[in-house]
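Down below is the structure, laid out as structure tokens.
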Amino acid sequence: MTLLLLLLLLGICTCQFNPNVACGRTSIVHLFEWRWDDIAEECERYLGPNGFGGVQISPPNENLIVTNPSRPWWERYQPISYKICTRSGDEEQFRDMVTRCNNVGVYIYVDAVINHMCGAGVGKGNSSTCGSPYNADERSFPSVPYSLHDFNEKKCKTGSGNIENYGDADQVRDCRLVSLLDLALENESVRASIIDYLNMLIDIGVAGFRLDAAKHMWPGDIQAIISRLNNLNTQWFPNGTRPFVFQEVIDLGGEGISVKEYLSIGRVTEFKYGAKLGKVIRKWEGEKMAYLKNWGEGWSFIPTDRAVVFIDNHDNQRGHGAGGASILTFSDARLYKMAVGFMLAHPYGFTRVMSSFSWPRNYVNGKDINDWIGPPSYNNGSIKIVTINEDTTCGNGWVCEHRWRQIKNMVIFRNVANGQALTNWWDNGENQVAFGRGNIGFIVFNNDNWTMDVTLNTGLPAGTYCDVISGEKKDAQCTGRQITVSSNGKANFKISNSAEDPFVAIHINAKL
């Protein structure tokens with residue numbers, strides 16, 4: 001039995017700011033806007049067997065139905081209540097998903113929208129995914145319940161009531177983010193409602209939370225809420241296990257709020273990671289892959305045991321959030337796979353893979369005016385089923401980057417190499433680099449405009465290995481290229497600059 005399988009059988013690991021993934025699993029995937037039924041099936045048929053640790057899901061609570069534009073993705077970030085009732089499914093389907101995913105060692109991480117409710121200008125009605133009434137004009141959300149005194153109407157000092165200056169920490173935390181009604185989290189009634197919601201999800205069996213818009217909440221308010229959360233459900237987690245918390249804090253420098261203010265609460269999303277790696281892979285502004293030798297804290301990132309890292313997310317792949325044009329996405333497939341491969345091979349941070357849906361881009365003056373388009377849907381607004389093609393890719397408008405062979409196999413690479421130090425770094429001073437993970441794995445990139453032909457010290461035991469980028473090990477054979485490691489640990493790597501995937505990765509579980 002392989003080392004990976006032995007680790008998986010051991011169950012839950014413990015570590016600092018524990019993501020609560022099962023031992024031997026090291027990455028989660030964001031199945032953006034998927035239905036609960038489809039996530040349950042994906043856990044059983046693909047994510048579990050391929051070593052994924054968990055799924056970040058879209059917000060499960062009731063949201064406003066937006067019809068102009070028609071059902072945009074961002075309507076999920078306009079809460080009406082904390083009932084589990086969205087286009088992804090109802091509470092019964094949610095519970096079924098959590099149970100089925102947990103049973104195969106793939107845990108659920110909820111995108112928790114607790115900073116605000118819906119937009120200030122939506123009026124009143126019951127146009128919400130569960131039909132609950134609301135009156136945004138009067139700040140009334142009876143299904144929670146919230147009323148006028150539960151919002152930061154008087155604390156915000158701007159004329160518009162919205163954030164006008166991101167250099168002012170008080171505005172960022174006390175005023176409305178793009179008109180979204182800002183909750184007064186210091187109020188005990190507000191805290192109690194949020195705590196009840198999160199504890200309900202914990203009791204159902206979720207493993208943790210992404211806190212949306214965390215930098216728009218005071219750290220003390222977040223800490224007060226987190227401290228009163230239940231331990232995780234002992235049906236799947238050891239007694240006393242705390243929920244994993246990672247906070248969305250965009251800090252590229254030059255603003256009034258620092259990511260450091262949130263590091264004592266839980267992990268934090270390191271937005272510099274994708275923005276800077278995108279520039280390096282694109283070779284913009286004189287950046288070279290050779291400069292990645294001290295990647296991580298050496299690039300002024302937060303400590304590795306506090307970081308959640310990713311190449312792109314649901315916001316910045318649409319030009320929102322942070323990172324700008326340097327962000328790599330599935331639209332730049334060749335470069336994107338290299339960036340994700342580097343992320344999954346490198347030991348820094350806790351890794352999250354993106355899984356997207358496609359939309360027709362339409363750029364006007366450099367901006368995609370279709371950046372609002374929601375998930376693949378039927379005419380009645382319901383989300384389309386994620387269909388699986390014969391070649392294991394997805395149909396019905398779903399991109400499913402996590403099913404791309406190169407990305408899936410690098411998730412496995414990271415699992416196999418978990419805990420191993422970065423070793424045997426090599427570079428040519430330009431954009432050809434290589435490094436190992438102990439004596440377990442080795443990866444080589446050619447991002448230069450000429451063919452690579454080098455012999456490198458891999459640190460791996462002698463033998464023949466299957467490259468897990470061009471193929472994989474199957475039935476004691478390689479479906480892609482083979483790499484031979486000699487008795488001194490060295491191997492020759494020839495990578496054309498015109499290759500579809502100009503990188504190679506090997507590890508001990510891919511040894512013939």
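The values are calculated or read from the model by the stated rules, or taken from the named source; none is laboratory data. Remember, it's a predicted structure, so these values are computed and weren't measured experimentally. No Cβ is skipped: glycine too gets one built from the backbone with ideal geometry, and neighbour counts run over all protein chains shown. Accessible surface areas use protein heavy atoms only, side chains included; no ligands, DNA or RNA. Shrake-Rupley method; radii C 1.70, N 1.55, O 1.52, S 1.80 Å.
Cβ-Cβ distances below 8 Å connect the following pairs, each with a first residue in segment 60-78 that is more than 19 Å from L181 (Cβ to Cβ), a second residue that is of a type in the set (F, W, Y) and surrounded by fewer than 19 Cβ atoms within 10 Å (Cβ to Cβ), and a separation of six or more residues or different chains: P69/W372; W73/W372. Taking the criterion of being in a strand (DSSP E or B), polar (S, T, N, Q) and either over 23 Å from I388 (Cβ atoms) or open to solvent by 40 Å² or more (accessible area, probe 1.4 Å) (or both), the only residue of segment 330-361 that qualifies is T351.
Pairs linking a residue in segment 95-124 that is under 26 Å from M217 (Cβ atoms) and modelled with pLDDT under 95 to a residue that is part of a loop (DSSP other than H, G, I, E, B) and not hydrophobic (A, V, I, L, M, F, W, C), with Cβ atoms under 9 Å and 6 or more positions apart or on different chains, are G121/S179.
For V364, the conditions (1) open to solvent by less than 10 Å² (accessible area, probe 1.4 Å); (2) farther than 24 Å from V386 by Cα; (3) out of contact with any Leu (no Cβ under 8 Å at 6 or more places or on another chain); (4) not polar (S, T, N, Q) all hold with the exception of (1).
Just to be sure, is T479 open to solvent by 10 Å² or more (accessible area, probe 1.4 Å), in contact with a Phe, Trp or Tyr (Cβ under 9 Å, 6 or more places away or on another chain) and among the hydroxyl-bearing types (S, T, Y)? So T479 does not fit the description; no. Screening R414 with (1) open to solvent by less than 50 Å² (accessible area, probe 1.4 Å); (2) more than 19 Å from F310 (Cα to Cα); (3) among the charged types (D, E, K, R) gives one miss only, at (2).
Kindly state which strands (runs of 3 or more DSSP E) lie completely within segment 156-257 and contain at least 3 residues that are more than 23 Å from R352 (Cα to Cα).
Values: elements: 180-182, 208-211, 244-247.
In segment 156-257, 180-182 are the strands (runs of 3 or more DSSP E) which contain 3 or more residues that are more than 23 Å from R352 (Cα to Cα).
Scoring D368 on the criteria (1) at pLDDT below 95; (2) among the acidic types (D, E); (3) within 20 Å of the chain's Cα centre (by Cα) leaves a single failure, condition (3). Exactly one residue out of E261, E285 is out of contact with any Pro (no Cβ under 6 Å at 6 or more places or on another chain), assigned to a helix (DSSP H, G or I) and modelled with pLDDT of 95 or more: that is E285.
Can you pull out every residue in segment 288-320 that is part of a helix (DSSP H, G or I) and open to solvent by 20 Å² or more (accessible area, probe 1.4 Å)? Before you say what the answer is, go through the steps one by one.
Step one: filter segment 288-320 for residues part of a helix (DSSP H, G or I), giving 289-294, 297-299, 304-306, 316-318.
Correct list: Y291, K293, N294, E297, G298, W299, T304, D305, R306.
When S147, S140, S127 are screened for being open to solvent by 10 Å² or more (accessible area, probe 1.4 Å), of a type in the set (S, T, Y) and within 16 Å of I194 (Cβ to Cβ), only S147 passes.
Applying a threshold of 9 Å to beta carbon distances and a minimum spacing of six or more residues, or different chains, the list of pairs starting in segment 230-245 at a residue that is under 18 Å from Q56 (Cβ atoms) and ending at one that is open to solvent by less than 40 Å² (accessible area, probe 1.4 Å) and basic (K, R) reads F244/R267; V245/R210; V245/R267.
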